[in-house]
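Shown next, in structure tokens, is the structure this report addresses.
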Amino acid sequence: QFTTRVVSCRAAELRPEGGGEPVRGFQVVLEDTILFPEGGGQPDDRGLIGDVPVLRVTRRGSEAVHFVPAALEPGAEVLLSLDWERRFDHMQQHSGQHLISAIAEQMFGFKTTSWELGRQRSVIELDTPLVTAEQVEALEKSVNEKIRDRVPVTVRELAADDPEIETVRSRGLPDDHAGPVRVVEISGIDSNLCCGTHVSNLSDLQVIKLLGVEKGKKNKTNLVFLAGNRVLKSIEQSHSTEKALTSLLKNGPGEHVEAVKRLQSSVKLLQKNNLNLLRDMAVLIARDFKSKPAPKQLFVLHRKEGDSEFMNIIANEIGTEETLLFLTVGDEKEAGLFLLAGPVEAVENLGPRVAELLAGKGAGKRGRFQGKAAKMSRRGEVQALLQEFISHQNPGA
């Protein structure tokens, strides 16, 4: 916590990170702050000004701008409270990134070109087209050795024209930077220009887990990692999943993979058999319709289980030169698939109207119009439309 004063407060809007409508609120500047504004690859802090939540902190020149949902009185003394759990997580990930980047460059010459502190995991972009599994394993072993060595992490400030800055690892300063330069140093390992928040000793990182690499931008490789409490949370999540699978599969964790492979094989066989049965059923349905002494001009069928192929087989077997077919598959009162087949002119005329009635979308050509339906419960309305159309075509029928 920290006591400070409100310097200014003005109305503003905030666009949510996940998208959506802007949130109305206020931009507040304080005399000083303990909330970190987003920058340098690190997200911003959260907290409270009095009892008003801080929803975003950004940097405007040398000022930190706090976005809040309620107005604050300029000149008022306020108590600023920090969301420590979020801050400490960011400290662990950011110091972890410095350590990994430094050791990766020392061991393999891989320079870091950028990084991102994500909500679930963090990513370091390395300036190399390839990082092998053996290199990842060696890197993970080395960084965790440094954590066990309890190496101090210190912060210094240098004048902007100090020649020592040239010896410090850096990706450059922001164009609007003014004043002294901040250097974060991992004793004997790394010295880096950085504005972010960090632990004071590598032991505070607890552990680092490298999750592997992914293909990055041209000739770059993304190294994915977790640090500190995120590793523990990941293990807990994996353990919960393992327990659930053990209960479902009725075997130990070591047998899960083989059990899932057997299930996949069984499902594929069942799907194949089911598809063959649906094809046979479609043929039988069509033959039964054709075998009747006086085939009707309209054929309507709904089946919960089925697919587009099932409907098209029926249409092929019946033939659509004289008969108008309306076929649907899926849940009777929810979403599904539909097929309207018949004389070309009739289908071209009726297809879009059928799709509209079913609150769906579709397309057609050569006497067939098919697509997805959102409201299968309106099939009766479609059938009435088709019967009316046939009556108009054949008044004496």
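The values are calculated or read from the model by the stated rules, or taken from the named source; none is laboratory data. All figures in this text were calculated on a predicted structure; none of them were measured in a lab. All Cβ positions, glycine included, derive from the backbone under ideal geometry; neighbour counts span all protein chains shown. All accessible areas refer to the heavy atoms of the entire protein, side chains included, with ligands and DNA or RNA removed. Shrake-Rupley method; radii C 1.70, N 1.55, O 1.52, S 1.80 Å.
The Cα center of the range 377-393 and the Cα center of the range 1-78 differ in position by 61 Å. For the chain, carbon and sulfur atoms together expose 50% of the accessible surface, with a 1.4 angstrom probe and every protein chain in place. The listed residues Asp149, Asp307 rank as Asp149, Asp307 when sorted by accessible area, largest first, using a 1.4 Å probe. With the convex hull of the Cα atoms taken as the outline of the range 327-374, the averaged projected area works out to 2.7 nm². Computed about its Cα centre, the charge dipole of the range 87-233 is approximately 700 debye, with only Lys, Arg, Asp and Glu carrying charge at their Cβ. A helix-only calculation puts the chain at -12000 deg cm²/dmol for mean residue ellipticity at 222 nm, using -39500 (n - 2.57) for each DSSP H run of at least four residues, averaged over all residues. Relative to the compact-globule estimate of 2.2 N^0.38 Å, the Cα radius of gyration of the range 278-393 comes out at 0.96. When both the range 193-243 and the range 272-321 are represented by their alpha-carbon centers, they are found 56 Å apart.
Would you mind checking Lys209/Lys243; Lys146/Lys217; Lys146/Lys233; Lys220/Lys268; Lys292/Lys333 for any pair whose Cα atoms are more than 28 angstrom apart? Violating the 28 Å Cα-Cα cut-off are Lys146/Lys217; Lys220/Lys268; Lys292/Lys333. Against the chain, whose longest principal axis comes from its Cα atoms, helix 229-249 is set at around 30 degrees. How fast does the range 2-82 diffuse by Stokes-Einstein, in µm²/s, taking the Kirkwood radius from C-alpha pairs at 4 °C and 1.567 mPa s? So the translational diffusion coefficient is about 102 µm²/s.
Placing a label point 7 Å from the Cα of Gln237 along the Cα-to-Cβ direction, the residues of the range 117-145 with a backbone N closer than 17 Å are 117-124.
Residues in the range 209-258 average 67 Å² of solvent-accessible surface per residue, probe 1.4 Å, ligands and nucleic acids excluded. Rounded to the nearest 20 debye, the dipole magnitude of the chain is 1940 debye, with +1 charges on Lys and Arg beta carbons, -1 on Asp and Glu beta carbons, and the Cα centre as origin. If I take R0 = 25 Å and measure r between the Cβ atoms of Leu263 and Leu284 in this structure, what FRET efficiency does the formula 1/(1 + (r/R0)^6) give, to the nearest 0.05? Using R0 = 25 Å, I get an efficiency of 0.20. With r defined as the distance between the Cβ atoms of Glu157 and Glu63 and R0 fixed at 22 Å, what FRET efficiency is calculated, to the nearest 0.05? With a Förster radius of 22 Å, E is 0.75.
Report note on the peptides 259-271, 88-100: ranked by the mean count of other C-beta atoms within 10 Å, highest first, their order is 88-100, 259-271. With both labels modelled 7 Å from their Cα along Cα-to-Cβ, the Glu17 to Ser291 distance reads 6.5 nm. Note on the range 31-133: Kirkwood radius taken over Cα pairs, Stokes-Einstein applied at 25 °C and 0.890 mPa s, translational D equal to 156 µm² s⁻¹.
Note on the range 87-233: percent of Cα-Cα distances in each 5 Å bin, starting at 0 and stopping at the bin with the largest distance, equals 2, 10, 20, 22, 21, 15, 8, 3, 0. What the range 278-393 shows is 56 Å² of accessible area per residue, with the surface traced by a 1.4 Å probe over protein heavy atoms.
For the set Ser308, Ser291, the ranking by accessible area, highest first and with no ligand, DNA or RNA atoms included, is Ser291, Ser308 under a 1.4 Å probe.
Between Lys146, Lys361, Lys209, the Gaussian network model of the chain with springs among Cα atoms under 10 angstrom shows the greatest mean-square fluctuation at Lys361. Look at [x] 27.5; [y] 22.7; [z] 21.6: the one that is Kirkwood radius over Cα pairs in Å derived from this structure is [x].
For the range 2-82, the solvent-accessible area works out to 52 Å² per residue, with a probe of 1.4 Å and every protein chain left in place. As a rough guide to protection, the peptides 188-198, 105-115 ranked by mean Cβ packing within 10 Å, highest first, stand as 188-198, 105-115. Placing unit charges on each Cβ (+1 for Lys and Arg, -1 for Asp and Glu) gives the chain a dipole about its Cα centre, and among Asn251, Asn219, Ala64 the Cα reaching farthest toward its positive end belongs to Asn251. Highest mean packing comes first when the peptides 49-58, 385-394 are listed by Cβ atoms within 10 Å, giving 49-58, 385-394.
Max-minus-min Cα coordinates of the range 205-298 on each principal axis give 82, 44, 22 Å, with the largest extent listed first.
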